Amino acid sequence: MVMMKNIVLIGLPGSGKSTLGKLLADELNCTYYDMDCVIEDNLNQSIISIFKDKGEAYFREIEYNVADKITKHNQASVIATGGGVVTMQKTMVVLKENGYTIFLNRPLNKIYADIETKNRPLLRDNIFRLESLYNQRIHLYREYADYIIDNNGEINNCLDKLIEVSNKILLANT
Ligand SMILES: Nc1ncnc2c1ncn2[C@@H]1O[C@H](COP(=O)(O)OP(=O)(O)O)[C@@H](O)[C@H]1O
Ligand SMILES: O=C(O)C1=C[C@@H](OP(=O)(O)O)[C@@H](O)[C@H](O)C1
Ligand SMILES: [Mg+2]
């Protein structure tokens, strides 16, 4: 059965997908998946070490398999993706087939102010790579987004906006 009620958060590393995804799932009382955590659990290996041992292309295939699996569960879920999910078209196809995407649009200067890079392989050695990730991906985040929510203030402020949009989505699909 196709599950159309997934709420899928996309956006740059540090935009708040994992933090806000968990809060949103608690609020909506539905299942929460952080795709990075699912990958780490499945492989019993950290994201840093997967990138180091097997490389990014391998990680993207695992990310696709995880997306394919979790979107097919017969329950409403909030899914926090990893920031690079938009670089793999087939992964976005399964996510969008089974849910609605929300682009969390957080300004770069806000991300720089509090992002922790030690568990983020693409930024660990040079936080300013975030700028090139932004340039490479911003059009993809916008293209793939069913909704765009600005996250430029307090977390709770963004959470309120997410709850409003999610309730609209869930209501329209009951
Ligand atoms: N308004 C805000 N929205 C989201 N995160 C915020 C905000 N203000 C501060 N933060 C902090 O920024 C970080 C966001 O990281 P995270 O949720 O891991 O993002 P992502 O999963 O998108 O990479 C967290 O440490 C969070 O506490
Ligand atoms: O931007 C990326 O390509 C990545 C972002 C990470 O997730 P966050 O966006 O939660 O940091 C994680 O999936 C991996 O390190 C690759
Ligand atoms: Mg995350």
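Please treat every number below as a calculation from the coordinates, not as lab data. These numbers come from a predicted model, not from an experiment. Here Cβ is always computed from backbone atoms with ideal geometry, including for glycine, and neighbour counts include all displayed protein chains.
Brief remarks follow.
- Helices in the chain, meaning DSSP H runs of at least 4 residues, each add -39500 (n - 2.57). Divided by all residues, the mean residue ellipticity at 222 nm is -16500 deg cm²/dmol.
- 14 Å Cα cut-off, lysine pairs counted over the chain (separation 8 or more, or different chains): 8
- Counting neighbouring beta carbons within 10 Å and listing from fewest to most, the residues PHE59, PHE51 come out as PHE51, PHE59.
- Scanning residues 5 or more positions from ASN105 or on other chains, those with amide H under 5 Å from its amide H are ILE149, ASP150, ASN151, with H placed 1.01 Å from N in the peptide plane.
- Environment charge at ARG60 (Cβ cut-off 12 Å; Lys +1, Arg +1, Asp -1, Glu -1): -1
- Summing +1 for each Lys or Arg and -1 for each Asp or Glu among the other residues whose beta-carbon sits under 14 angstrom from that of LEU43 gives -2.
- Ordered from longest to shortest, the equivalent ellipsoid semi-axes for the chain are 24, 20, 14 Å, each the square root of 5 times a Cα gyration tensor eigenvalue.
- Listed peptides 127-134, 5-12, 61-68, 143-150 by packing density, highest first (mean Cβ within 10 Å): 5-12, 61-68, 143-150, 127-134
- With eigenvalues of the C-alpha gyration tensor scaled by 5 and rooted, the stretch 83-174, Å: 25, 18, 11
- Sorting LEU28, LEU95 from the fewest to the most surrounding beta carbons within 10 angstrom yields LEU28, LEU95.
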